[in-house]
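Here is the structure we will look at, set down as structure tokens.
The values are calculated or read from the model by the stated rules, or taken from the named source; none is laboratory data. Quick caveat: nothing in here was measured; it's all calculated off a predicted structure. Here the Cβ is made from the backbone with ideal geometry for all residues, glycine too, and neighbour counts use every protein chain on show. Keep in mind that these areas ignore ligands, DNA and RNA; they rest on the heavy atoms of the full protein, side chains included. Shrake-Rupley method; radii C 1.70, N 1.55, O 1.52, S 1.80 Å.
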Amino acid sequence: MGTKTVDETGVKTDERKTDEATEAAASTEAAEAAEASGTAEKPGTDTPDGTDTPEDADGADSPEDGDVTGKTDGTDGSGTGPTGVGQGAGAVVSAGLGIVSLTGSWVGTVASARESLMGQLQTSSSSDVGTLIEKGYGNAWQATAMWGGIFALVALIVGVVVLARPAFGAPGRPQAPWIKSVAWAGVALGVIGLLLAVLKYTDVLLGLPATG
């Protein structure tokens, strides 16, 4: 009887230990399965969101585009200063007037014809040859030379103003090379035209023929 009791007690004790070990193992496996399932869900939810977020941020481009636009507008705005259009136009005008002073203009032609007509009206058939030549041709040639000299002087003044303009404009803004070239051409033509006009007006160049 005593041996059986011990055996039953021992068996019961072993059964309790086995049940406790089984329950502990089952709880441990359940905890590990729960952790494994939670870990599997976290990467799955974070990965697509993480990949889409940088692209969306790059696709927005609102701050970067704003900065680029601001820089572009600032660059364009800084170019709103003197563009040299007026200087270029002045240089072309100077060269054109210089050419007109050498080749003649309709103003000079009309003035020459007017002086010739007035000379014919002021003379008669009884006038000497010298007077006829002076009134009919000399005054007309001088009128042509005078108007040529006026055009040459204007061309010279405009060319000098164009060349001197950068000294009174924005500092550090150089003048375009073609503007300088055309302006210098206008100045040179003006000087030549003015010199020829003075020589012709004073009869030093192509004077009236002698009648005596």
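Computed values, structure above
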read-out	value
Elements of type helices (runs of 4 or more DSSP H) contained in the range 45-136, each with 1 or more residues being surrounded by 10 or more Cβ atoms within 10 Å (Cβ to Cβ) and modelled with pLDDT of 70 or more	85-103, 106-122, 129-133
Lone unmet requirement of (1) touching a residue at least 12 places away in the same chain (Cβ under 8 Å); (2) under 26 Å from the mean Cα position of the chain (by Cα); (3) surrounded by fewer than 20 Cβ atoms within 10 Å (Cβ to Cβ) for residue 211	(2)
Verdict on residue 150 being within 28 Å of residue 89 (Cβ to Cβ) and open to solvent by less than 30 Å² (accessible area, probe 1.4 Å)	no
Test result for residue 162, modelled with pLDDT of 90 or more and closer than 22 Å to residue 86 by Cα	yes
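One line per residue, one yes/no per condition, for (1) over 56 Å from the mean Cα position of the chain (by Cα); (2) touching a residue at least 40 places away in the same chain (Cβ under 8 Å); (3) under 19 Å from residue 199 (Cβ atoms):
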site	(1), (2), (3)
106	no, no, no
110	no, no, no
125	yes, no, no
130	yes, yes, no
134	yes, yes, yes
139	no, no, yes
152	no, yes, yes
157	no, no, no
160	no, no, no
